[in-house]
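Read the structure below first, then the notes.
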Amino acid sequence: MRIVIAGGHGKIALRLAERLGSGAVGLVRNPAHVADVEATGAEAVLCDLERASAEEVAEILRGGDAVVFAAGAGPGSGAARKDTVDRGASVLMAEAAERSGVRRFIQISSMGAGRPPAPGTGLVRLAPEVPPGSVPRDDVAAVVLALLDNPGTAHRTLELVSGDTPIIDLVATE
């Protein structure tokens, strides 16, 4: 399975890439991040999602099985950059996935993920709506990996927080 991860140098993306190994492709805009992505066993591809066209990104995605959008402007960014990355790059990736024929697209919004960083517990709550909370980054990566293998989650928006259900059990029922 070839999974392309936008925002490939992010904290959740690197954890996901470790789990996927050689099947992962991490998109990074900064050449200094290539070695970190490759250290996970993934392939690193330079691609600035704020400047690339949908066709350029589609070319990278061709032959892929899924796209995971894990990019984000970051906590110190202003409204303009949040718009070009958090919204604009997400739309670009979705369009590129459609052009390239990639049929699985998972988008991560990590507002409560891993703050503060904590080891994963393997216990989460995943539903269309959950109460506010947080979830360790390791658990977010594990849920994304499980969702990639679950066609029953297509065309759904799911929220994730720490909970009391083992990831493997919860994703099997979603």
Hey, what do the phi angles of the range 22-33 turn into as Karplus ³J(HN,Hα) couplings, whole Hz, using 6.51/-1.76/1.60 and θ = phi - 60°, x for Gly and Pro? 5, x, 9, 10, x, 7, 10, 9, 9, x, 5, 8
For the range 14-21, Karplus couplings with θ = phi - 60° (6.51, -1.76, 1.60), whole Hz, Gly/Pro x: 5, 5, 5, 4, 4, 5, 7, x
Tell me, in nm to one decimal, what length is gained between E18 and K82 on full extension, where the rule is 0.36 nm per residue of separation less the Cα-Cα distance? 20.4 nm
Can you sort H155, H33, H9 by how many other beta carbons sit within 10 Å, fewest first? H155, H33, H9
Only Cα pairs within less than 10 Å get springs; with that Gaussian network setup on the chain, which residue of R81, R19, R104 has the largest fluctuation? R81
To one decimal place, what Kirkwood hydrodynamic radius in Å is obtained for the range 53-174 from all pairs of distinct Cα atoms? 15.4
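All of the numbers you see were taken from the coordinates with simple rules; none came from a lab. Just so it is clear, the model here is predicted, and its values are computed rather than measured. Here Cβ is always computed from backbone atoms with ideal geometry, including for glycine, and neighbour counts include all displayed protein chains.
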